[in-house]
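One structure is given here, and the rest of the page talks about it.
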Amino acid sequence: MELTQLEDTFVDIGGVFLTSAFDLRERMEKMKAIVFVWDGVFNSGHKDITGGSSYSVVDTGGIDLLRFGFFLANKTMIKVAVMSDTDNSLCLQLGKKDHYDNVYLNGQDKENVLRHFCNQHDIHPDEIIYVYDEVADLKVAEQMGIRLAVGRLSSPIFVEYMERHKLADYISTCQGNEHAVREMCELLLTLLDQHFNVIDHKGKNEENYHDYLNRKALVETATNKTAGVVKLESRVWNQF
């Protein structure tokens, strides 16, 4: 797909490019990992009494297509991490079932989580695609190679702030509970120029898809519940 057509396709559904597709395609050449915030990205942000929140197979199917597309384009597996700010059993279940490289739980300190991830895989922040949705993500987002933000109708001022300070490269039209992850994955696949190849090869169950599945099955999921824990300093308050 021509890049002008790519932009038109995603702008027509309501997506916002703050960085041109031409620049993003160049950046894609050096990307080695994708990190997803969980809460508000895979879902609406609602949590149950245990602090858990769910996901959709529409989104996880998009991640699988993206990983396959990256495999077709580069003959390597892109690193995948998800992080939740709670001890989320569904986040952990998905990460292990789909052989993501890392699952971070209790990840309120996102800077430390990303530092841990980069050190473990010998990756620089500018080699990471970061998918996020909230104010707490901005300090991390400004360091990443490609920043994809989930759009929310309820957050027009936040969206304007991201646009003004260039803290995102693309803002989705879909909200977290509307399959924003799938939208982001299809955008990245098109930037890789693998958008139709993955459909052809997976749909026809061809040999290279089996090669990808075999490689994916070898990925062992590392789980971390401490890297993102915020350590509060004790303070002695002066009495009046």
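Data for the structure
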| read-out | value |
| --- | --- |
| Residue tally, condition open to solvent by 10 Å² or more (accessible area, probe 1.4 Å), at pLDDT 95 or above and either assigned to a strand (DSSP E or B) or among the basic types (K, R) (or both), over region 126-159 | 1 |
| Selection status of E183, more than 25 Å from L18 (Cα to Cα), at pLDDT 95 or above and not hydrophobic (A, V, I, L, M, F, W, C) | no |
| Residues (open to solvent by 10 Å² or more (accessible area, probe 1.4 Å) and of a type in the set (A, V, I, L, M, F, W, C)) located in region 177-200 | L192, F196, I199 |
| Residue that is farthest from S20 (Cα to Cα) [pool: residues in region 147-176 that are among the acidic types (D, E) and more than 15 Å from the chain's Cα centre (by Cα)] | E160 |
| Any pair with Cβ under 6 angstrom, 6 or more apart, that starts in region 26-50 at a residue that is in contact (Cβ under 8 Å) with a residue 60 or more places away in the chain and over 18 Å from S154 (Cα atoms) and ends at one that is among the aromatic types (F, W, Y) and open to solvent by less than 20 Å² (accessible area, probe 1.4 Å) | V35/Y130; V37/Y132 |
| Residue satisfying condition, being under 13 Å from the mean Cα position of the chain (by Cα) and not charged (D, E, K, R), within set S53, S84, S44 | S84 |
| 2 or more residues open to solvent by less than 20 Å² (accessible area, probe 1.4 Å) and more than 22 Å from G151 (Cα to Cα): qualifying strands (runs of 3 or more DSSP E) within region 1-106 | 102-104 |
| Residue in region 116-123 that is at pLDDT 95 or above, open to solvent by less than 30 Å² (accessible area, probe 1.4 Å), under 15 Å from D137 (Cβ atoms) and part of a helix (DSSP H, G or I) present | yes |
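The values are calculated or read from the model by the stated rules, or taken from the named source; none is laboratory data. Just so it is clear, the structure is predicted and the values come from calculations on it, not from any experiment. FYI the Cβ positions are ideal-geometry reconstructions off the backbone, even for glycines, and counts take in every protein chain you see. Accessible surface areas use protein heavy atoms only, side chains included; no ligands, DNA or RNA. Shrake-Rupley method; radii C 1.70, N 1.55, O 1.52, S 1.80 Å.
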